[in-house]
1. What's the tally of Lys pairs in the range 316-462 whose alpha-carbon atoms lie under 21 angstrom apart, where the two lysines are 8 or more places apart or on different chains?
2. Among residues other than D631 whose Cβ falls under 10 Å from its Cβ, what is the net charge (Lys/Arg +1, Asp/Glu -1)?
3. Could you size up the charge dipole of the chain around its Cα centre, putting +1 on the beta carbon of Lys and Arg and -1 on that of Asp and Glu, and report it in debye to the nearest 20?
4. Looking only at chymotrypsin sites (Phe, Trp or Tyr not before Pro) in DSSP loops with at most 15 other Cβ atoms within 10 Å, what is the longest site-free stretch of the chain?
5. Among (i) 40.9; (ii) 56.7; (iii) 42.6, which is the computed mean projected area of the Cα convex hull in nm²?
6. Rounded to the nearest 0.05, what FRET efficiency is calculated for N670 and S403 with R0 set to 41 Å and r the Cβ-Cβ distance?
7. So what's the net charge close to V564: Lys and Arg +1, Asp and Glu -1, counting the other residues with Cβ under 15 Å from its Cβ?
8. Within 14 Å, Cβ to Cβ, of T356, how many net charges do the neighbouring residues add up to if Lys/Arg are +1 and Asp/Glu are -1?
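The values are calculated or read from the model by the stated rules, or taken from the named source; none is laboratory data. These numbers were taken from a predicted model, which means no experiment stands behind them. Here the Cβ positions follow ideal geometry from the backbone for every residue, glycine too, while neighbour counts run over all protein chains shown. Areas reflect the complete protein model, heavy atoms only, side chains present, ligands, DNA and RNA absent. Shrake-Rupley method; radii C 1.70, N 1.55, O 1.52, S 1.80 Å.
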Amino acid sequence: MSFRLKTILGIALIEGVLLIILIIAGMQMLKSSNVEELHKRTYTTAQLFATTVKDAVLATDLASLDNFVREVMTHPGIVYARVSGRQGAVLAQAGDGALLARPPKPDTHYDDVGDGVFDVYADIVVGEDKYGRVDIGFSTANIDALLSTARNEFIAIALTEMLLVALFSFVLGAYLTKGLVSLTQTSQRIATGELGGQIVVSGTDELAQTMRAFNEMSHKLKVFYDERKHAEDEVHKLNADLERRVQLRTEEINKLNADLERRVRLRTEELAQAYERIEHQALHDPLTKLANRTLFQDRLHQAILTGEREKRVFALVMIDLNRFKEINDTLGHHNGDLVLRETASRLSEGLRQSDTIARLGGDEYALLLPTVKDSVSAIFTLDKIVQLFEKPMLLDGLPTYISPSLGLALYPKDGTDAETLMRRADVAMYEAKHRKSGHALYTADLEQDGMDRMGLQSELLSGIANAELVLHYQPKIDITSGRVGGVEALVRWHHPKRGLLAPDDFIPLAEKTGLIKPLTTWVLKEALRQCKEWEIQGLDLVVSVNISISNLQDPVFPQILSHVLSESGVSPAKLELEISENGIMVEPPRAIEAILCLSQLGVRIIIDDFGTGYSSMAYLSKLSVARIKVDKSFVKDMVDNNNNAVIVRSIINLGHNLGLNVVAEGVENNATWDQLKLLGCDSAQGYCMSRPIPAEQIPQWVKSSSWGAGITEEAIK
């Protein structure tokens, strides 16, 4: 191997080793810095996200959690986000579906990432308890692309450097292999500064050629020296220009930094505002904008601490809207939301600034009243709240009256902790709802009554199944003939411990719990069975059965009624269904459709409590009804109250003009009977003729009563 080749290979090898070391060190440093930055960013983001959603997880506020997840997904580099509850149930998530479908497995090192996503998590901790966790996936594509670009650039630089080193080594080796001895002295002179010196050359061998080259080199060194001097001058000029440019660039950078600081400040302010919005959403009801349960409980706790420290008295009121579920089911959730918002508006406008108003969920509201100090001021305040609902709400263009039931508990008389106060105010509210009194104050007796009602609810279902219910029948008398033409079936409950219970003791409970549907089915079966038995005995009686708004709105009720009629063997003409006027007016179009469907089965329809709804007259011509029944509130004192007498006469005339039979209920004396007869009423029922009596007494009553005249004893077997 020649000296020149050895020189080239030696220099190239040294330079190559150094370059490889430099490339590896540079790549490792670049990767470490980017990976460290990725770790800091991911773990910081996860911890911040876990802190942000903490309150929403505690409140199980899924709508707020969805908003938080969507907000996190707007950050660059995040490919998915997920919030899980205490048992691992997913509360909210967004992002790449395939990534969310994987089992959560966090990455601790960058080298562990095999799918291009760095997975991290953070626990949601309150105190020392873990309530869940958040998972976030960050894309590593940017870091991988940066490392790939840097690696390619380093390789390009190394190849270029290796090429230059090889070229330099080649020239150096060629120079050293020719004329080393001959050129030593000339080289020394050149080394002393005698640039441009020439050597006398003779011959044509390699040495001569080297010397000629040396001469040329000496000449060029002189030229290069001159050019260098010129170049140095140019460099000085360029350096001066560069310094000027650097200064200008520095000023531009300073301006950019100032602009960046301004943008960072603006972004910080935006994030602060966003945090305030998130905090507000976490503590307020999105529909009514009132405080939610979380915020209300916090304020209640603060009020208790203040009351305990300063010996203050305050009141807690629980509010529930009557018939809200009925409105929500029949008029739709849109109108239900309108009722909830209007309720919030009326409460906010009617109460003090110092009062706290909250929607706890559904149609349940709560009030914290620091100015109520005793029972007298409590009743005054409750009356004021009830008056806020005297004005009707407009739903689908129709005025609709919504009434609340309010229960009030006083601190510290009725409780010294939040749970007790809320529970006892709730007990008072249910008492007000049960009594239909509008409001009630908590007393110790109410708690036992509430527990009794809860027990009654569970007993009612078994009472239906165990045949504890019984029907009593009140005769209906035809005023013209003076004879009994039918009976109204009225349900009673033979409670094993409480004895015989009237309908008012359990029908409202059945309405509220949904038991009214199986209860009505039982009443229909039993009434038709009894009607068939009387028919066999020779008693031709029409049976009336009351049905509720729940039955009227039930789309399968006509099929149930058809099946019950078919099983009983009783003609549909012998069954009358009594439907309250208020029930019809909840949703008139649906009620008209249901009544027409029931009429097609052959049964007769009676509008019960007519005159109390004030607005059903517009629909009478559309309803396929046979009779209207005048409400007993007008009938029972029509003899002494001229206004009621006018109302009864108007209803009778209206019914007859529409071709309808008119029934009066609540007839308690002969004077009322005579006046109804004078007004042309068709039939009547009430204590004047007979109270509701058991089924087995009906034949004897018909036989012995003057109202049963014309029915022979032989016909009653």
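1. So the count works out to 9.
2. -1
3. 740
4. 1-400
5. Comparing each candidate, only (ii) matches the computed number.
6. 0.65
7. Numbers: positive: K517, K525, R529, K532, K574; negative: E526, D554, E567, E576.
Net charge in that neighbourhood comes out at +1.
8. Numbers: positive: K289, R293, R299, R352, R359; negative: D285, D298, D355.
Spelling it out: positives minus negatives among the neighbours equals +2.
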